[in-house]
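Each reported figure results from applying straightforward, stated rules to the coordinates on display, with no laboratory input. Please read all numbers here as calculations on a predicted model, not as lab measurements. Heads up, the Cβs are rebuilt from the backbone with ideal geometry, glycines too, and the neighbour counts pull from every protein chain shown.
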Amino acid sequence: MQHAPLQYRLADDMAGVHAVAARHVSGAAGLAENLRLITSLVSEIDFKHYDVKAVKEGAHALMLGLFDTRVMLHDQITTWHRRGYMTREVQLALRDVFRVTRYATDMLGEIAIDHRVLGKNDKTYRAFTGPDFNTLGHPQLGSGVHEPFRSGDILLMRGMAANSAAIARIGDIDSQFSHIAIVYIDARGRHLVTEALIEDGAVVNSLEHVLDHGLGRCIVFRHKDADLAARAAKSIHDYVQGTLGAGVGRAIPYDFSMELKGYKTLFCSKLVRQAFDMASDGKTLLPTFKTSLFMKNRDFFKRIGVTATETFAPGDIELEPGFNIVAEWVDYRVTSDLRLADLTMDKFFEWMDQHHYRFRETFVIHLIGLFGRFSSYLSNDAKNLLANVVPKVPVNMKRRTIGTIAMLHKTTEAVTAELRVAERRSKEETGRPLHPREIQTMLEAIRTRDGSTVGYLEAP
């Protein structure tokens with residue numbers, strides 16, 4: 001059998017992935033099998049097997065091909081749901097495909113820009129801008145670059161903080177997104193965003209502020225019923241703005257429980273749920289497919305105030321049958337850091353579940369739990385740390401939660417710093433980022449080396 005030259009095989013392998021995605025399926029079992037095969041094929045792609053120079057030259061076409069594969073699959077969710085194919089097995093398999101193809105796209109983007117990273121005083125591009133093929137648009141819905149926003153558009157976002165990685169990975173389905181919000185365009189043409197933030201509760205911000213607020217990635221989703229989406233955007237905007245009382249009222253508090261019942265408190269996804277609930281008189285209740293919050297070790301959930309066993313996680317919008325993907329944006333200068341944080345958080349939760357790791361409170365963390373982050377008992381270094389991790393504490397955030405976020409941040413920071421050194425070395429020596437499998441191996445090596453204590457995490 002004649003094999004293609006080494007430098008051309010990646011395009012062939014990617015074409016094979018797309019071909020599997022395009023296969024006709026006649027049931028849930030066959031669909032799940034196809035999706036698992038796609039995940040396997042993409043996961044086995046290792047850039048050390050390809051000529052890096054050739055990969056760089058063809059990166060944009062390959063990135064577009066992977067995005068087209070995601071869009072092609074996403075466009076069929078409505079049909080699959082109607083036919084009864086969207087079983088839990090299919091949901092999990094589809095999310096795996098979205099995740100691994102997105103990571104492959106990120107790594108291609110990193111190679112294409114010669115692994116540039118943010119400088120000390122740099123910040124990420126404003127979402128849906130950038131010179132590096134940063135925005136990919138649905139082929140039937142515009143380029144994504146110049147596609148105007150509409151009232152009711154949903155923004156699915158990922159920030160740069162360590163707690164963003166935790167939010168993205170907190171459920172039974174690993175996601176790469178930590179926040180969701182809804183766009184509203186008022187009668188004066190102002191582009192606004194209604195959202196629920198941990199530090200502020202439910203608020204209204206300008207779209208410009210949200211897109212320029214240190215994002216790493218963002219997707220625009222658009223409901224297929226434009227009138228419903230517009231009503232949802234106006235309903236929730238007017239409701240939230242009314243609670244703020246033109247600046248003199250009090251915001252609806254953030255809901256740390258992640259429970260879906262009631263709207264007295266809101267987390268980001270629950271706000272979007274309320275918007276469509278109000279606009280449809282209860283006929284459209286998001287999400288169609290909920291995230292399960294089951295963990296054998298619920299210590300972490302208790303510490304951060306989560307009481308729900310199932311919820312609407314931000315990433316659940318990816319599987320929502322009523323929405324189309326309009327455009328997807330990413331800043332390839334930060335995707336390596338996002339990937340390292342994701343994989344680290346995966347391992348942390350795995351260790352909590354399988355090896356019974358718990359967060360161990362030091363004396364300083366104990367003081368925070370007792371007195372809060374502004375306690376006079378804390379050193380200036382401790383206060384500065386907490387000011388960076390939790391810059392603004394909502395009145396309903398439990399002190400134990402503050403301490404847990406600080407421990408999570410410091411533990412993640414130490415581990416990812418070590419991974420970042422190895423990632424940088426790989427890029428300098430080979431021109432390629434580390435494969436996620438290599439990172440997972442390194443994380444297990446760190447656990448073996450450090451024994452029962454990894455940062456603030458401690459096994460019994």
- Message: So for each of 431-438, 44-51, 186-193, 97-104 I average, over its residues, the number of other beta carbons within 10 Å; can you give me the resulting order with the highest mean first?
- Response: 97-104, 431-438, 44-51, 186-193
- Message: Starting from 0.36 nm per residue, how many nanometres of slack lie between Ala414 and Leu92 once their C-alpha separation is accounted for?
- Response: 112.9 nm
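Report the net charge of residues surrounding Met278, where surrounding means a beta-carbon distance below 10 angstrom and charges are Lys +1, Arg +1, Asp -1, Glu -1.
In short, 0.
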- Message: Net charge around His138, counting only other residues with Cβ within less than 13 Å of its Cβ (Lys, Arg = +1; Asp, Glu = -1)?
- Response: -2
- Which aspartates and glutamates does Lys283 reach when only Cα atoms under 18 Å apart count, and residues fewer than 8 places away in its own chain are ignored? Asp225, Asp227, Glu320
- Final fewest-first order of Phe256, Phe177 on the 10 Å Cβ neighbour count is Phe256, Phe177
- Message: Report the gain in length on full extension from Glu429 to Leu64: 0.36 nm times residue separation, minus Cα-Cα distance, nm rounded to one decimal.
- Response: 128.7 nm
- Among Arg217, Arg400, rank each residue by its count of other Cβ atoms within 10 Å, from fewest to most, as a rough exposure measure. Arg400, Arg217
- At a Förster distance of 51 Å, what's the computed FRET efficiency of Ala22 paired with Arg250, Cβ-Cβ distance as r, to 0.05? 0.45
- Length gain on complete extension for the stretch Ala54 to Lys264, per 0.36 nm per residue less the alpha carbon to alpha carbon distance? 70.1 nm
- Apply 1/(1 + (r/R0)^6) to the Cβ-Cβ distance of Asp12 and Ser43, taking R0 = 22 Å, and write down the FRET efficiency to the nearest 0.05. 0.85
- Pairwise FRET efficiency - Asp353 versus Thr309, Cβ, R0 = 25 Å, nearest 0.05: 0.95
- Task: Measure off 7 Å from each Cα along the Cα-to-Cβ vector at Ala459 and Ala226, then give the distance between these two points in nanometres to one decimal.
- Result: 5.7
- Under a point spin-label approximation (7 Å from Cα along Cα-to-Cβ), what is the Thr79-Ala445 distance to one decimal in nm? 4.6
- Message: Cut-off under 22 Å on the C-alpha distance; same-chain residues fewer than 8 positions from Lys53 excluded. Which lysines are left, in chain and number order?
- Response: Lys427
- Alpha carbon centroid spacing (whole Å) that separates the stretch 328-359 from the stretch 199-257: 27
- Item | Amide proton proximity set for Tyr357, modelled H, under 5 Å, gap of 5+ | Met352
- What list do you get for Ile154, Ile439 if you sort them by fewest beta carbons within 10 Å? Ile439, Ile154
